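Colleague: After the structure tokens below, expect a handful of questions from me.
The values are calculated or read from the model by the stated rules, or taken from the named source; none is laboratory data. Keep in mind it's a predicted model, so treat the numbers as computed, not measured. Every residue, glycine among them, receives a Cβ derived from its backbone with ideal geometry; neighbour counts consider all protein chains shown. What goes into the accessible areas is simple: the full protein's heavy atoms, side chains included, and nothing from ligands, DNA or RNA. Shrake-Rupley method; radii C 1.70, N 1.55, O 1.52, S 1.80 Å.
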Amino acid sequence: MTTIAPSELFQTEKEDLISGSEAIALACALADVDVITAYPIRPYDTVMQYVSKLKADGVFDCDFIVAESEHSQFEIVKHASSVGARTFCGSSGVGWFYAFEAITVTAGLRMPVVAMVGNRALDDPGAFGTEHNDALAVRDLGWMLYWVATAQEALDTALLAWRVAEDPNVLLPMAISCDGSFLTHSQAIVNVPTSDQVQKYLPPYDRGKLQLHPDNPITVAPQVNEDWLMEIRRQSDEAMQRSVSVIRDAYEDFKKTFNRGDPSPFIEEYMTEDAEIIIVGMGTLALPVKVAIRRLREAGRKIGFVRVKFFRPFPTEELRQVLGSSKAVCVVDRDYSFGSPSFAGVLFHELRSALYSLENRPMMLNFIAGLGGREVHVNDVNHMVDIVQKAVDTGKIEQESTWIGVRE
Amino acid sequence: MSTVAVEVVYRGIFQKTLARNIVRTIVFAARKEGKIGTAFGRYGDSPERNGIPAKQFAVVADDPEELDETLARYEPTEVDVTINVDDTLCKGVESWAWYGLQPINQLTKPDGTLIVTSWQDADSLIRDMHQKDAPIGLSIVKGTVSFSGLWVYKDDHTDVRILGTLAKVCPQLVSLESMLEAIQEQMDNETKVASAQKSFDLASVRPVEPGEGNPETPYKFELPGWKTMEEGVVIRGIEAGAGFRGGDGGYQPVRSEVFKKYSTRSMRPVINFETCIKCTLCWLQCPDTCFDVTPDGLYDANMESCCGCGVCEAVCPVPDCVTMVSEADFEDNNSQYEMWQEDKQGYNSWMTALVDKQKAETRTHGFHHVGGYAEEISEMTEA
Ligand code: SF4
Ligand code: SF4
């Protein structure tokens, strides 16, 4: 809608020292987002600070609306999206939950809103540190969910997000999870692409015949009952299924345009070739895990790591392929699911279900770690690997799920 | 392997931009030499509270894998240089998250350096610092502590003066040339480059030997386990309290054993017990219930609890009856009321001298500033 001359800032590729939140704010400017809504909650609020600064500095123009609550914040972008505006918003922890009604409706109405979730522990008690239960809570509702590990990936994933979400074959919202503190408050060297590159990569959002406009009289979201509802849900299911190949194509194109990226958009593999034990986790957990693995490898241990990037759509195929040849899988959850089948974490259960139909199923052990932003140290990783190794050696799992780093 | 870590200890909000400028410029300077780096604030300190001690870090390494080695632990376990931008923090650092009292030099490596901005001399700073069992160096950047509010940045060159000093005391971090280049690029200001150069030339290090400094053991506390903690996120209340110092008259509330707060203070109130009209306002308004009521109805601010907010000074209706003065002038937390009881004349002249000194100084506790920065810069860079 609002088109302005690309800012001088983005005429040449350059590197900057920025946090994950700043990276996402820059992506908003690069993608020339039309409507951005905000309501403060830590750590997401860092994004709104940077967005408002970029706007105030004239780097880009958008309708920047500070709502009176998260509920309205998400309602506004949902409506803006229906009239064809590219949108961005975000929240954290219980703020995200306060918007829950709008969040479910956004997916139901197929609005390609892109949101950043600054992962934060849920109240009570009031805590600010990272925990993944906030974003995970929407996992069944039709949002694509992604966990990033670095500030660079935050910027890149935001660009990918609009491209995939707004694809006419998808039209589903996407949330990008950034671990509070480790990503939202740490500054790293990031390559900032040019507007030209981004414009080439990201076509304008075109809602086509679904766009709410006086020239295109339509009704959105009438009351329906059992007469229509299942068909509507089935459509969302189909869109989510279609998103898999859209993501694959968009990522290939991303790599060509920007000259960086992993082999797969869905997972990151680290030293998995020949690995007997593979650790699986999401987000910034990757850092201590990789350092631990490098040291374990030096000591001759065959350990690898898989970082799940897309949690929705869940990369079942990729994971089956990588994990199928391992002896044991060590799932580290920065979340919990009280009363779940194994009294374990969300990722663990999803993964076990994905691997169930494998002919040779690896052993699976779960670790709950790093809740509320508690650090997961290299020692903790070693400790988990030891427990899994023992299970492999004895062929027996003594305890399916173990809490790591909790004071007795 | 050559990873270099630097921490900046500062007063939340009032010195946030200062700390940020320092850690960011370090990383940009390292970048000039093809190194990689990261800059971050300690999340437990955020959202920052006015004046509450906080930390930011810069970590620089030769390549990304080396950087990861250090960052695998978010908060470094040791740093090559500790930069303290408020000398009163030499007494210790107590963040608003629950860490206990951390000595200012806790993370400083053996043979590392502590840089402090201060007008105080080395001996008086070392008296405040906790003892360490390894030697470190102390380098003083002479100057008035740089405080400003949330929305302003007091550009008194403290950032570049520290960066110039840093290049001298920690040559393994970056060369002076790279530092000056980064300053020019980031701040686009020739005079700031000149200030950094001057500080580099003037910088010197005073060795601090093991055993020098405050012998006290900094207080800490045991964190409960999940089996010992009460369920339902319940914290037991503290008992109400009794008479003044346990006696019959007056009133003294019981205070938390494990949450003292005195390191959060850059200034403390001194009370003129002679002019106090016993109006109760300080006692009523103090956000931390610091005031013990004495048997004769006076109010004694308890310095184990006081966070130095200055509210008592603001609400006291009597001129100069409560005055916030620099924390740097104190070595203990003793009761002012008891001092006054023991020797009224002695107390009064001591207190009046502190009040007069404060009036002549430009030190503030950050909510407002006094004096012109431009004049201060030349005075400080010459020192
Ligand atoms: S400065 Fe005064 S009001 Fe503030 S905490 Fe200390 S005694 Fe209380
Ligand atoms: S506010 Fe001032 S006059 Fe009133 S009781 Fe306190 S010290 Fe005395």
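Colleague: Less than 18 Å apart at the alpha-carbon level, and either on another chain or at least 8 residues along: which aspartates and glutamates does that give for B:Lys357?
Modeller: Reachable aspartates and glutamates: B:Asp87, B:Asp121, B:Glu313, B:Asp320, B:Glu327, B:Asp329, B:Glu331, B:Glu376.
Colleague: Please find the FRET efficiency linking B:Ala240 to B:Asp332, where r is the Cβ-Cβ separation and R0 is fixed at 22 Å, and quote it to the nearest 0.05.
Modeller: That pair, B:Ala240 with B:Asp332, gives E of 0.20.
Colleague: Provide the solvent-accessible area of A:His79, counting protein heavy atoms only and rolling a 1.4 Å probe, rounded to the nearest 10 Å².
Modeller: That residue has around 100 Å² of solvent-accessible surface.
Colleague: Count charges around A:Ile218 for me, please; just the other residues with Cβ under 14 Å from its Cβ, Lys/Arg as +1, Asp/Glu as -1. Intermediate values should be presented prior to the final figure.
Modeller: Values: positive: A:Arg110, A:Arg207, A:Lys209; negative: A:Asp215.
Computed value for this residue: +2.
Colleague: So, R0 is 56 Å and r is the distance between the beta-carbons of A:Asp249 and B:Lys220; what FRET efficiency does that work out to, to 0.05? Spell out each step's value before the answer.
Modeller: Values: r = 56 Å, r/R0 = 0.99.
Efficiency computed from Cβ-Cβ geometry: 0.50.
Colleague: Here is a follow-up. Which shape class applies to the range A:268-403: rounded if a/c is under 1.5, otherwise prolate when a/b exceeds b/c and oblate if not, where a ≥ b ≥ c are the square roots of the Cα gyration tensor eigenvalues?
Modeller: It comes out rounded by the Cα gyration axes.
Colleague: Using +1 at the Cβ of each Lys and Arg and -1 at the Cβ of each Asp and Glu in the range A:8-258, identify which of A:Phe258, A:Leu159, A:Ser69 lies farthest towards the dipole's positive end.
Modeller: Selected residue: A:Phe258.
Colleague: Over all residues in B:35-44, what is the mean tally of Cβ atoms on other chains that come within 10 Å of each residue's Cβ?
Modeller: Details: counts 0, 2, 4, 7, 6, 8, 5, 2, 12, 4.
If you average over the peptide's residues, the count of other-chain Cβ atoms is 5.
Colleague: Let me ask something else about it. Give me the accessible area per residue for the range A:8-258, probe 1.4 Å, as a whole number in Å².
Modeller: Each residue of the range A:8-258 exposes 38 Å² on average to a 1.4 Å probe.
Colleague: Here's another thing I want to ask about it. What is the list of residues in the range A:352-385 whose amide nitrogen lies under 16 Å from a point 7 angstrom out from the Cα of A:Met271, following Cα to Cβ?
Modeller: Counting only backbone N, you get A:377-385.
Colleague: Any chance you could look up the accessible area of A:Asp227 with a 1.4 Å probe, heavy atoms only, rounded to 10 Å²?
Modeller: We get 100 Å² for A:Asp227.
Colleague: For the protein assembly as shown, what is the percent of antiparallel DSSP beta bridges, rounded to the nearest 5?
Modeller: 45
Colleague: What part of the accessible area of the range B:4-208, given as a whole %, is carbon or sulfur when the probe is 1.4 angstrom?
Modeller: Working: 3360 of 6670 Å².
Ligands and nucleic acids excluded, carbon and sulfur give 50 percent.
Colleague: Which loop-located GluC sites (Glu not before Pro) does the range B:248-321 contain, where loop means any DSSP state but H, G, I, E or B and the Cβ has at most 10 other Cβ atoms within 10 Å?
Modeller: Hits after loop and neighbour filter: B:Glu257.
Colleague: Turning to a different aspect of this structure: Can you put A:Glu400, B:Glu75, B:Glu177 in order of accessible area, largest first, using a 1.4 Å probe?
Modeller: Greatest to least solvent exposure: B:Glu177, A:Glu400, B:Glu75.
Colleague: Going toward the positive end of the dipole of the protein assembly as shown, with +1 on Lys and Arg Cβ and -1 on Asp and Glu Cβ, which of B:Ala54, B:Leu138, A:Tyr146 do you reach last?
Modeller: Sorting the options by dipole projection puts first A:Tyr146.
Colleague: State to the nearest 20 debye the size of the charge dipole of chain A about its Cα centre, where the only charges are +1 on K and R beta carbons and -1 on D and E beta carbons.
Modeller: On the way: 38 positive and 56 negative charges, 161 e Å.
In total the dipole reaches around 780 debye.
Colleague: For chain B, modelled as a GNM with alpha-carbon contacts under 10 angstrom, which of B:Ile162, B:Ile140, B:Ile277 fluctuates the most?
Modeller: Among B:Ile162, B:Ile140, B:Ile277, the largest mean-square fluctuation in the Gaussian network model of chain B belongs to B:Ile277.
Colleague: Heavy-atom accessible surface, probe 1.4 Å, ligands and DNA/RNA ignored: which residues of the range B:53-75 lose at least 40 Å² versus the isolated chain?
Modeller: With the partner chains in place, the range B:53-75 has these residues losing at least 40 Å²: B:Glu65, B:Asp68, B:Glu69, B:Ala72, B:Arg73, B:Tyr74.
Colleague: Quick one: dipole size for the range A:1-148, taken about the Cα centre, charges +1 on Lys/Arg Cβ and -1 on Asp/Glu Cβ, in debye to the nearest 20.
Modeller: About 240 debye.
Colleague: Using a 1.4 angstrom probe, figure out how much accessible area chain B has per residue, in square angstrom, rounded to the nearest whole.
Modeller: Normalised by residue count, the accessible surface of chain B is 43 Å².
Colleague: Excluding same-chain residues fewer than 8 positions from A:Lys390, which lysines have a Cα within less than 20 Å of its Cα?
Modeller: Partners within reach: A:Lys302, A:Lys327.
Colleague: Now for a separate question. To test your reading of the geometry: what angle, between 0 and 90 degrees and rounded to tens, separates the Cα axis of helix A:346-355 from the longest principal axis of chain A?
Modeller: With both axes taken from Cα atoms, the answer is about 70 degrees.
Colleague: Round to the nearest 0.05 the FRET efficiency obtained for A:Phe338 and B:Trp151 when R0 = 60 Å and r is the Cβ-Cβ distance. Write down the numbers at each step before the final one.
Modeller: Details: r = 44 Å, r/R0 = 0.73.
E(calc), rounded to 0.05, equals 0.85.
Colleague: Past 24 Å, Cα to Cα, is the threshold; run B:Lys142/B:Lys168; A:Lys290/B:Lys55; A:Lys396/B:Lys227; B:Lys132/B:Lys154; A:Lys255/B:Lys35 against it and keep the listed order.
Modeller: Numbers: B:Lys142/B:Lys168 15 Å; A:Lys290/B:Lys55 26 Å; A:Lys396/B:Lys227 28 Å; B:Lys132/B:Lys154 33 Å; A:Lys255/B:Lys35 26 Å.
Violating the 24 Å limit, Cα to Cα: A:Lys290/B:Lys55; A:Lys396/B:Lys227; B:Lys132/B:Lys154; A:Lys255/B:Lys35.
Colleague: Here is a further query. Could you compute the net charge surrounding B:Pro224? Neighbours are other residues with a C-beta less than 12 Å from the C-beta of B:Pro224; K and R count +1, D and E count -1.
Modeller: Overall, the nearby charge balance is -1.
Colleague: If you roll a 1.4 angstrom probe over the protein chains with everything in place, what fraction of the accessible area of the range A:8-258 belongs to carbon and sulfur, to the nearest %?
Modeller: 52
Colleague: Compute, for A:Tyr336, the solvent-accessible surface of its heavy atoms (probe 1.4 Å) with the complete set of protein chains present, and express it in square angstrom to the nearest 10.
Modeller: 40
Colleague: Which value, in Å², gives the accessible area per residue of the range A:268-403 when a 1.4 Å probe is used on the protein heavy atoms?
Modeller: I get 42 Å² per residue for this part.
Colleague: How big is the dipole moment of the protein assembly as shown about its Cα centre under a simple scheme where the beta carbon of each Lys and Arg is +1, that of each Asp and Glu is -1, and everything else is neutral? Debye, nearest 20, please.
Modeller: 1180
Colleague: Could I ask something else about it? What is the sum of charges, Lys and Arg at +1 and Asp and Glu at -1, for the other residues whose Cβ falls under 12 Å from the Cβ of B:Ser178?
Modeller: Residues close to B:Ser178 contribute a combined charge of -1.
Colleague: Let me ask you something else. Can you pull out the trypsin sites (Lys or Arg not before Pro) in the range B:199-252 whose DSSP state is coil and whose Cβ has at most 13 other Cβ atoms within 10 Å?
Modeller: B:Lys220, B:Lys227, B:Arg236
Colleague: Could you tell me which trypsin sites (Lys or Arg not before Pro) in the range B:113-192 are loop residues by DSSP with no more than 11 other beta carbons within 10 angstrom of their beta carbon?
Modeller: Answer in residue order: no site qualifies.
Colleague: Something else now. Tell me, Kirkwood radius of the range A:8-258 from alpha-carbon pair distances, in Å?
Modeller: Values: mean 1/r = 0.0553 Å⁻¹.
In the range A:8-258 this quantity evaluates to 18.1 Å.
Colleague: If you fit an axis through the alpha-carbon atoms of helix A:70-82 and take the longest principal axis of the Cα set of chain A, what angle between them do you get, 0 to 90°, nearest 10?
Modeller: It is inclined by approximately 60 degrees.
Colleague: Calculated from DSSP H runs of 4 or more alone, at -39500 (n - 2.57) each and per residue, what is the 222 nm mean residue ellipticity of chain A, nearest 500? Before the final figure, lay out each step's value.
Modeller: Details: 13 runs with 155 residues, N = 408.
Rounded to the nearest 500, the figure is -12000 deg cm²/dmol.
Colleague: Relative to the longest principal Cα axis of chain A, at what angle does helix A:45-56 sit, 0 to 90 degrees, rounded to 10?
Modeller: With rounding to tens, the tilt is 30 degrees.
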